Ligand SMILES: Nc1ncnc2c1ncn2[C@@H]1O[C@H](COP(=O)(O)OP(=O)(O)OP(=O)(O)O)[C@@H](O)[C@H]1O
Ligand SMILES: [Mg+2]
């Protein structure tokens, strides 16, 4: 046996096979993949030969395969006798065999791309467009998702992006440091930027629907809330009057301006609860018993927020200065969400933060492109409104990098939302099937074979994904 490759791989031509091989063919190629072997078809002057290349110590994978004719010839022998071994279905280009596209990409590499990993020696890169058209990182626990996300967040400033990491578990300072990044900003409670429940350029339905879902409000409760929030944001007194009138019948202009000025001056959740309770107390005798219960339940739920130690993180309307938090320095900004111990409030905070970034972007208040890293993405994307924003943000210079461990929990893994998908090892069969389909991988089982840091990357415009090893310590630019 002759060693042909420096990594102790051997390349072997199999002289033939019989029908029993066909029955085990899929299992054979899976086993081959799991030992980092691959099938090669090589054609010279019209004569084609098939080879198996695998690490030399895994030689027995080949010997033990039923139906493979045991006269195994080394590729040094020239005769083309024997049958061609049927290729694995679909994925023969995957195993770091530099395909034409990858070669081309390598040769045309420009400084407008960052290197996320390598496939043998070929750099697998992402450009500005890939970041703005959103990335999804999927994988089971411990497969390397957060390391990959930190790598991309750390490299993104080379493409003119400010990375903002919504650090769900409080691990990104360590991750960035372990990748040699020192220029980062950590924002932690109580110094987290306050987020606004409303913004003049985001439809009120969007703002309300977040509260509605997170606080589990009924539609009637949402409409009460909407009436008060309209008053605080658009100052559209007639609309608010109309809404409040439909709730109370009697509200007068003085009361309206009184509410508006309390909300305007205070701008806190407590002020919101205060004005709602005030109107309720004044008109409660007019309400049926059921209506009273509904108002009281709304006040109770908002009070959960108002009375919590995190109340100061929420304001009613955006005062604009929040942008200052996000344009400090060039390194990634890590928002330590794990400091918010209540999961419900953590989620609410994260969603409003994204809302606010979006609002800042559409009003052109951001001077840089943003890459927003969202860990535990299903918590945030299960809210339909945020999924819609994600689809919109590209044109305003915000890209999302969403990390999920259970893709099944995402409402939809649509190509429209995520142009680049980076799939780490996935053990659950249901998740594998979803992801394999999304990335164009025929055999979902390959996803179960990956080691930490190994990924399949499906980039826009490619039919099959690339296999790569995420490069944690190598430079972002070649
Ligand atoms: N590119 C890589 N190369 C080598 N090892 C890696 C790579 N990425 C991650 N690892 C290793 O894999 C382990 C898990 O990494 P990481 O915490 O990023 O996984 P995860 O998918 O985010 O896990 P969890 O779902 O628990 O958050 C770490 O011990 C890390 O050292
Ligand atoms: Mg993680």
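The values are calculated or read from the model by the stated rules, or taken from the named source; none is laboratory data. Keep in mind the model is a prediction, meaning the values are calculated, not measured. A quick note on method: Cβ atoms are made from the backbone with ideal geometry, for glycine too, and the neighbour counts reach across all protein chains shown.
Computed values, structure above
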quantity	calculated
Filtered residues of region 356-384 (kept if in a helix (DSSP H, G or I) and away from ligand 2 (no atom under 16 Å from the Cβ))	356, 357, 358, 359, 360, 361, 362, 381, 384
Residues satisfying the stated conditions in region 169-205, i.e. away from ligand 1 (no atom under 14 Å from the Cβ), surrounded by 14 or more Cβ atoms within 10 Å (Cβ to Cβ) and within 30 Å of residue 471 (Cβ to Cβ)	181, 184, 185, 186, 187, 188
Residue 340 being closer than 22 Å to residue 172 by Cα and at pLDDT 95 or above	yes
Close pairs from region 304-328: first within 12 Å of residue 197 (Cα to Cα), partner surrounded by fewer than 17 Cβ atoms within 10 Å (Cβ to Cβ) and at pLDDT below 80, Cβ under 9 Å, at least 6 apart	317/200; 318/200
Residue in region 385-406 that is assigned by TED's automatic domain parsing to the domain that holds residue 162, outside any helix (DSSP H, G or I), at negative phi and out of contact with any strand residue (DSSP E or B) (no Cβ under 8 Å at 6 or more places or on another chain) present	yes
Those residues of region 123-138 which are within 13 Å of ligand 2 (Cβ to nearest atom) and either part of a helix (DSSP H, G or I) or farther than 21 Å from residue 407 by Cα (or both), in sequence order	none
Single match in 188, 232 (criterion: within 24 Å of residue 359 (Cα to Cα) and in the same structural domain as residue 166 (by TED's automatic domain parsing))	188
Residue satisfying all of: in region 446-478; modelled with pLDDT under 85 and surrounded by fewer than 19 Cβ atoms within 10 Å (Cβ to Cβ); nearest to ligand 2 (Cβ to nearest atom) among these	449
Matching helices (runs of 4 or more DSSP H) fully within region 172-284 where at least 1 residues are in contact with a helix residue (DSSP H, G or I) (Cβ under 9 Å, 6 or more places away or on another chain), closer than 25 Å to residue 390 by Cα and modelled with pLDDT of 85 or more	172-178, 204-214, 219-233
Filtered residues of region 380-427 (kept if at pLDDT 85 or above and under 20 Å from residue 356 (Cβ atoms))	396, 397, 398, 399, 400, 401, 402
Qualifying positions in region 394-408 - without any contact (Cβ under 8 Å) to a residue 40 or more places away in the chain and away from ligand 1 (no atom under 16 Å from the Cβ)	395, 396
Tally, over region 37-96, of residues that are touching a strand residue (DSSP E or B) at 6+ places or on another chain (Cβ under 7 Å), modelled with pLDDT of 75 or more and farther than 13 Å from residue 14 by Cβ	3
Out of 141, 148, sole residue that is in a helix (DSSP H, G or I), within 14 Å of ligand 2 (Cβ to nearest atom) and out of contact with any helix residue (DSSP H, G or I) (no Cβ under 8 Å at 6 or more places or on another chain)	148
Those residues of region 329-353 which are in contact (Cβ under 8 Å) with a residue 60 or more places away in the chain and closer than 19 Å to residue 207 by Cα, in sequence order	344, 346, 347, 348, 349, 350, 351, 352, 353
Subset tally (residues that are touching a residue at least 12 places away in the same chain (Cβ under 8 Å) and over 19 Å from residue 358 (Cα atoms)) for region 157-181	15
Filtered residue count, region 151-171, keeping only those that are more than 16 Å from ligand 2 (Cβ to nearest atom) and assigned to a helix (DSSP H, G or I)	5
Leading residue by the ranking (surrounded by the most Cβ atoms within 10 Å (Cβ to Cβ)) among those in region 348-377 that are within 16 Å of ligand 1 (Cβ to nearest atom) and under 19 Å from residue 130 (Cβ atoms)	373
Search result, residues across region 135-168 that are under 19 Å from residue 114 (Cα atoms) and either surrounded by fewer than 19 Cβ atoms within 10 Å (Cβ to Cβ) or within 12 Å of ligand 1 (Cβ to nearest atom) (or both)	137, 144, 145, 146, 147, 148, 149, 150, 151, 152, 158, 160
